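Worksheet: one structure, shown below.
The values are calculated or read from the model by the stated rules, or taken from the named source; none is laboratory data. Small disclaimer: the values here were computed from a predicted structure and weren't measured. Because the Cβ atoms are built from the backbone with ideal geometry, glycine has one as well, and the counts that use them run over all protein chains shown.
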Amino acid sequence: MPTMEFEGKQYEVDEEGYLIDWSVWTEGMAEVMAKQDGIELTEEHWEIIRFLRSYFEKYQIAPMIKILTKEIAKTMGKEKGNTKYLYELYPAGPAKQACRYAGLPKPTGCV
Amino acid sequence: MAKLPKPEELSKIDYKPPKTGCGWRETPVQFKEGMYCFGSRPKYLEEVGFPNAREWKPNEEDWKLPENWKDIILDGLKERLEKYRSFRLFMDICVRCGACADKCHFFIGSGDPKNMPVLRAELIRSVYRKYFTPGGKVFGQWAGARELTYDVLKEWWYYFYQCTECRRCSVFCPYGIDQAEITMIGRELLNLIGCNTDWIAGPVANCYRKGNHLGLEPHAIVSNLEYMIDDIEEITGIRVDPSFNRKGAEILFVTPSGDLFGDPGTYTCMGYLMLLHEIGIDYTWSTYASEGGNFGFFTSMEMAKRLNYKIYAEAKRLGVKWILGGECGHMWRVVHQFMDTWNGPADFLEEPVSPVTGTRFENAKTTKMVHIAEFTADLIKNGKIKLDPSRNDHLKVTFHDSCNTSRGMGILEEPRYIIKHVCNNFYDMSKNATREKTFCCGSGSGLNAGENMELRMRGGFPRANAVKEVKEQHGVNMLANICAIDRAVLPTLMDYWVPGVSVCGTHELVGNALVMKGEKKRTMDLRLETLPGMEDSEEEE
């Protein structure tokens, strides 16, 4: 099993760098992952990561895109409630990139 | 992860067999990145009680197999030869005529001879001859037999997970050899020693624990549908009000969980919600039988049976009369050809009758489960729903026959009938690429992962070519289908080979055209995109 090093400790990740245990995640890990992709996390990025974390705690799965865009629209304004905005922040895709930074597993099945 | 080559590079396919010097039987398999999936993680195998749960990587030398792996495989092979007469027959009767060779989408897209169905089957047939036929035991390779070695086992894994069990080859086989069944047995044997892919093992474990591949818990299902219901209200002014786990409902509705989560499946799901509301039938969703699909089917018969069980169990618990099923592919192969013998007889259910038209679905007499394409086509034929196809006028639509619903159960006319009534512009693809000769999406049977993208783009190449043809001839911009894997994978395939073509489920088109009682003037489609010509009316509001 591959691992990622963070503050001197090793954490298990899958082949694509998703954290195996979402509960060991800390904010610093997101910073490290983003830095590896050449992204500096701004407050806008964090809004999404925090939403993903709180949603996952309640539902045990990442939200579908429809929910993510609607909730972003509610908290950050209608003009930001669309996939275009999400892709501007997370060019590799909100489902993939933002979930990885947030320490969440990737959805599987017919998706 | 492997970098996906550009379409210009990938489409240069060499069909000349490689010169190995020692014949195909002795060639050790090269694991090429992008052409295979990650190995199954131990936790997923543990959750369903599968053997040899451990960390392993397909491209590493040591697969950490049990010491007696060879005995396990050969015993498993013997058991299946005795149990399945079809399998034994398929091992014996191939005359290597080659009719199947160039019919496989993976061969067409890769040029790899081991993707010829005849040779893929030969990988296991050669071992069968060695251990189970007198000729093979005595004459060895002269009789086309070979030892089961570690390399042969790896080759099985590599190529049985490069087959989507689509059965196009069997349409052309003069003996009707079903390559899908051979692949299924091959995968079953590999699972006896813990060699699944992670992308299949994960959904299987999720489905076993939570009822669906995604692992959606009951409150997540309800919440997801509520967001869709909000959108429907925004579009139509009507709030649909489905029920969940309701005892005494007449009909149980079961659809693949992809429809409850991923776009564009969610738009298809909105189409179901709108239609079932409009016709006012007495139906319920279930948060337990919350998956029509069955990744167990890509693992072993036994696992598929375990996952399928909940559909009848829930129908019985709720006391419904019959079951309506959504747009899914392999779900229907399981329902149509296996469910009744595995988990039936469903004698606590009634022969399905449409409460709207009175049509008796005699084809579903034993399974008691009706495909929504049949159900909706029947509504249209009897004039029970009002449709305005002009709302889909900005779309030029073609239809991708899903392998399992077309070749597995003969649903060929119904989706086309529906599409022609809800759209004004429909263009079928080449007759060599549709109906029973349909080309696979290239990602079915659990191959819809991310790490095997080159395999997926190669496998989907023939399908994409056929779409390209109708795009160039007629300006097609929408690829409709009736399968959740299709909806998940075809957008990527189109973006790669035929940019400019979108993908939708058939009931998304129905939802757009459906005229609902008391609805407001439609200015948006189900994707909340403004309908052409309605830009002004939106501003007025």
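Take B:D75 and tell me if it is surrounded by fewer than 21 Cβ atoms within 10 Å (Cβ to Cβ) and assigned to a loop (DSSP other than H, G, I, E, B). Write out each step before concluding.
Details: surrounded by fewer than 21 Cβ atoms within 10 Å (Cβ to Cβ): yes; assigned to a loop (DSSP other than H, G, I, E, B): no.
Taking the combined requirement at face value, the residue does not satisfy it.
Scanning region B:425-458 for residues that are within 25 Å of A:D14 (Cα to Cα) and not in a loop (DSSP other than H, G, I, E, B) yields B:M453, B:E454, B:L455, B:R456, B:M457. Checking every residue in region B:320-330 against the condition of being part of a helix (DSSP H, G or I) and either in the same structural domain as B:F160 (by TED's automatic domain parsing) or crowded, with 24+ Cβ neighbours inside 10 Å (or both) gives at least one match. Regarding A:A62, is this residue more than 12 Å from chain B (Cβ to nearest Cβ) and either buried (at least 18 other Cβ atoms within 10 Å of the Cβ) or β-branched (V, I, T) (or both)? Answer is no for this residue. In this structure, is B:C269 facing another protein chain (nearest Cβ under 10 Å), touching a residue at least 24 places away in the same chain (Cβ under 8 Å) and crowded, with 24+ Cβ neighbours inside 10 Å? Against the criterion (facing another protein chain (nearest Cβ under 10 Å), touching a residue at least 24 places away in the same chain (Cβ under 8 Å) and crowded, with 24+ Cβ neighbours inside 10 Å), B:C269 does not qualify. When B:K57, B:K43, B:K70, B:K103 are screened for being touching a residue at least 24 places away in the same chain (Cβ under 8 Å) and either in a loop (DSSP other than H, G, I, E, B) or in contact with a Phe, Trp or Tyr (Cβ under 7 Å, 6 or more places away or on another chain) (or both), only B:K103 passes. Of all residues in region B:6-15, which are in contact (Cβ under 8 Å) with a residue 60 or more places away in the chain and either surrounded by fewer than 14 Cβ atoms within 10 Å (Cβ to Cβ) or within 30 Å of B:G144 (Cβ to Cβ) (or both)? Those that are in contact (Cβ under 8 Å) with a residue 60 or more places away in the chain and either surrounded by fewer than 14 Cβ atoms within 10 Å (Cβ to Cβ) or within 30 Å of B:G144 (Cβ to Cβ) (or both): B:I13, B:D14, B:Y15. Taking into account only those residues within region B:106-116 that are part of a helix (DSSP H, G or I) and closer than 18 Å to B:V152 by Cβ, which is farthest from the chain's Cα centre (by Cα)? Among those residues, the one meeting the criterion is B:P113. Of all the residues in region B:214-250, those that are closer than 23 Å to B:V515 by Cα and away from chain A (no Cβ under 14 Å) number 8. Report yes if some residue within region B:443-455 is in the same structural domain as B:L490 (by TED's automatic domain parsing) and more than 30 Å from B:D112 (Cβ to Cβ); otherwise report no. No, region B:443-455 contains no residue that is in the same structural domain as B:L490 (by TED's automatic domain parsing) and more than 30 Å from B:D112 (Cβ to Cβ). With the condition kept exactly as written, say whether any residue in region A:75-94 is touching a strand residue (DSSP E or B) at 6+ places or on another chain (Cβ under 6 Å), farther than 27 Å from B:E234 by Cα and either part of a helix (DSSP H, G or I) or more than 14 Å from chain B (Cβ to nearest Cβ) (or both). For region A:75-94, residues touching a strand residue (DSSP E or B) at 6+ places or on another chain (Cβ under 6 Å), farther than 27 Å from B:E234 by Cα and either part of a helix (DSSP H, G or I) or more than 14 Å from chain B (Cβ to nearest Cβ) (or both): absent. The set of residues in region B:251-266 being in a helix (DSSP H, G or I) and away from every other protein chain (no Cβ under 14 Å) is empty.
Quick check on my filter: what residues within region A:19-38 are buried (at least 18 other Cβ atoms within 10 Å of the Cβ) and assigned to a loop (DSSP other than H, G, I, E, B)? Don't jump to the end; show me each part of the working.
Within region A:19-38, the subset buried (at least 18 other Cβ atoms within 10 Å of the Cβ) is A:19, A:25, A:29-30, A:33-34.
Of everything in region A:19-38, just one residue is buried (at least 18 other Cβ atoms within 10 Å of the Cβ) and assigned to a loop (DSSP other than H, G, I, E, B), namely A:W25.
Which of the residues spanning region B:276-328 are out of contact with any Asp or Glu (no Cβ under 8 Å at 6 or more places or on another chain), over 25 Å from B:Y44 (Cα atoms) and among the small types (G, A, S)? Scanning region B:276-328 gives B:G280, B:A315, B:G319, B:G325.
If I filter region B:214-249 down to residues being β-branched (V, I, T) and out of contact with any Asp or Glu (no Cβ under 9 Å at 6 or more places or on another chain), which single residue comes out as surrounded by the fewest Cβ atoms within 10 Å (Cβ to Cβ)? Result: B:V222. B:R306 passes every criterion in (1) within 19 Å of the chain's Cα centre (by Cα); (2) charged (D, E, K, R); (3) in a loop (DSSP other than H, G, I, E, B); (4) over 20 Å from B:I281 (Cβ atoms) apart from (3).
The set of residues from region A:95-111 being within 13 Å of chain B (Cβ to nearest Cβ), of a type in the set (A, V, I, L, M) and under 25 Å from A:F6 (Cβ atoms) comprises A:A95, A:L104. Look at region B:175-203: where a residue is closer than 19 Å to B:K305 by Cβ and a partner is in a strand (DSSP E or B), sitting 6+ places away or on another chain with Cβ atoms under 9 Å, you get B:N196/B:G39; B:A201/B:G39.
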